[in-house]
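Structure, as structure tokens:
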Amino acid sequence: MEKYKNKEYEFDNVSILKEDTEFNGDMTFTNPVLIHGKYKGTINSDSVLIISKGASVKAEVNSRLLILEGVLKGDINVLEKVDILPSGKLFGNITTAKLKIADGVIFEGTCKMIKK
């Protein structure tokens, strides 16, 4: 378990899928997860999902918080907040309570805002 930190967020006990990792299947987790590699499947969590710059994810995502720096293809349902950073690319539909999109982001899809 490692630590993730940027200007806005800091998380301890982060599980990491390294750059050379390719994973296909269903992922469920309770602590934050940081993906540096490639993932295909479904992701279900009550925690935080971080997709780093250079990572590629093709999945249906259900989580509490999503921080996107890499590429995500698939629909996402996020309870609290989606934060797409400048290098992020999202090709899919968003359902969330809060959405933050930085300048330079590529987003192709629809967004449905929900009450938390």
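For region 25-49, which residues satisfy the criterion of being modelled with pLDDT of 95 or more, exposed (fewer than 14 other Cβ atoms within 10 Å of the Cβ) and of a type in the set (D, E, K, R)? Across region 25-49, the qualifying residue is only Asp26. Among the residues making up region 75-111, a single one is under 16 Å from Ser45 (Cα atoms) and not in a strand (DSSP E or B): Asp75.
Taking the criterion of being in a strand (DSSP E or B) and either modelled with pLDDT of 95 or more or within 13 Å of Ile35 (Cβ to Cβ) (or both), the residues of region 8-24 that qualify are Val14, Ser15, Ile16, Leu17, Glu22, Phe23, Asn24.
Exactly one residue among Lys53, Lys81, Lys89 is surrounded by fewer than 16 Cβ atoms within 10 Å (Cβ to Cβ) and modelled with pLDDT of 95 or more, and that residue is Lys53. Flag not set for Ser63, criterion: surrounded by 15 or more Cβ atoms within 10 Å (Cβ to Cβ), farther than 15 Å from Phe91 by Cα and over 9 Å from the mean Cα position of the chain (by Cα).
The values are calculated or read from the model by the stated rules, or taken from the named source; none is laboratory data. Please read these numbers as outputs of a predicted model, since none were measured by experiment. Note: ideal-geometry Cβ built from the backbone for every residue, glycine included; neighbour counts use all protein chains shown.
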